[in-house]
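**Q** One structure follows; several queries about it will come next.
The values are calculated or read from the model by the stated rules, or taken from the named source; none is laboratory data. All of these numbers come straight from a predicted model, not from anything done at the bench. Every residue, glycine as well, gets a Cβ built from its backbone with ideal geometry; the counts of neighbours run over all protein chains shown.
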Amino acid sequence: MAVRRKKTKIVLDADVIIHFAKGSRLDMLPKILPEYQFMVLDVVRREIPLVLMSLLQKVIAQDKTIVEEVFGKTAGEMKEYARLISKDGLALGRGESACMVYCLYHNDVLGSSNTKDVTSYCDEKGITYLTTCDFLYFAIQRGLMTRAEADAFIAEVRRLGSFPPIVDFDTYVCSKII
């Protein structure tokens, strides 16, 4: 009898969800890296604008390719979370802090495009993180999007008020996961 191995999770922060919802590709996001289980924490879900919430709810309820989980099941997680969001600490956002702490305690992968706030913490703690551009890179590599479609996706998301970086997908490489 084969033992079924638990999939590593990609814990999505609000910015990645918002980018893929605005780009009309939220349902495609989990298909980019199907070897991972995509997840959103309750803390993050509360940060999603109402206008985009129905898209997330559809993917959770109907497609079942993103699961939802409650954050803060241990005292250690809650202590680290409080430190990250504290004005005396790093004063980071609630959603990204919950995602980073979850990944730290569960050895999972963070999906966040807020590199300004997450990069140093993730590097210090050994947390792997992927950005919107990393997901687009893998979508191109796996034949789910063309480079032109990825460029158009970024242009549309930026037109709608979010600002993932503009990159050259002819030279962009994500080496964080293989």
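**Q** Only residues in the range 60-75 that are surrounded by 13 or more Cβ atoms within 10 Å (Cβ to Cβ) count as the first member; pair them with residues that are in a helix (DSSP H, G or I) and of a type in the set (Ser, Thr, Tyr), Cβ under 9 angstrom, at least 6 apart or cross-chain, and list the lot.
**A** Once the first residue is surrounded by 13 or more Cβ atoms within 10 Å (Cβ to Cβ) and sits in the range 60-75, its partners that are in a helix (DSSP H, G or I) and of a type in the set (Ser, Thr, Tyr) give 69/102; 71/81; 71/102; 72/81; 72/102.
**Q** Here is a follow-up. Could you figure out which of (1) free of Cβ contacts under 8 Å to residues at least 60 places away in the same chain; (2) surrounded by fewer than 19 Cβ atoms within 10 Å (Cβ to Cβ); (3) not hydrophobic (A, V, I, L, M, F, W, C) isn't true of residue 81?
**A** Of the numbered conditions (1) free of Cβ contacts under 8 Å to residues at least 60 places away in the same chain; (2) surrounded by fewer than 19 Cβ atoms within 10 Å (Cβ to Cβ); (3) not hydrophobic (A, V, I, L, M, F, W, C), the odd one out for residue 81 is (2).
**Q** Kindly provide the set of residues from the range 63-89 that are of a type in the set (Gly, Ala, Ser) and either over 13 Å from residue 104 (Cβ atoms) or in contact with a helix residue (DSSP H, G or I) (Cβ under 6 Å, 6 or more places away or on another chain) (or both), ordered by number.
**A** 72, 75, 82, 86, 89
**Q** Sort out which residues of the range 97-120 are assigned to a helix (DSSP H, G or I) and at pLDDT 95 or above, and write them in order of number.
**A** 97, 98, 99, 100, 101, 102, 103, 104, 105, 106
**Q** Moving on to the next point. I'd like the residue in the range 121-151 that is part of a loop (DSSP other than H, G, I, E, B) and β-branched (Val, Ile, Thr) and, out of all such residues, is surrounded by the most Cβ atoms within 10 Å (Cβ to Cβ).
**A** Result: 131.
**Q** If you go through the range 36-59, how many residues are surrounded by fewer than 16 Cβ atoms within 10 Å (Cβ to Cβ), β-branched (Val, Ile, Thr) and touching a residue at least 24 places away in the same chain (Cβ under 8 Å)?
**A** 0
**Q** OK, next. When the residues of the range 81-96 are narrowed to those that are out of contact with any Lys or Arg (no Cβ under 9 Å at 6 or more places or on another chain), assigned to a loop (DSSP other than H, G, I, E, B) and of a type outside the set (Gly, Ala, Ser), which ends up nearest to residue 36 (Cα to Cα)?
**A** 92
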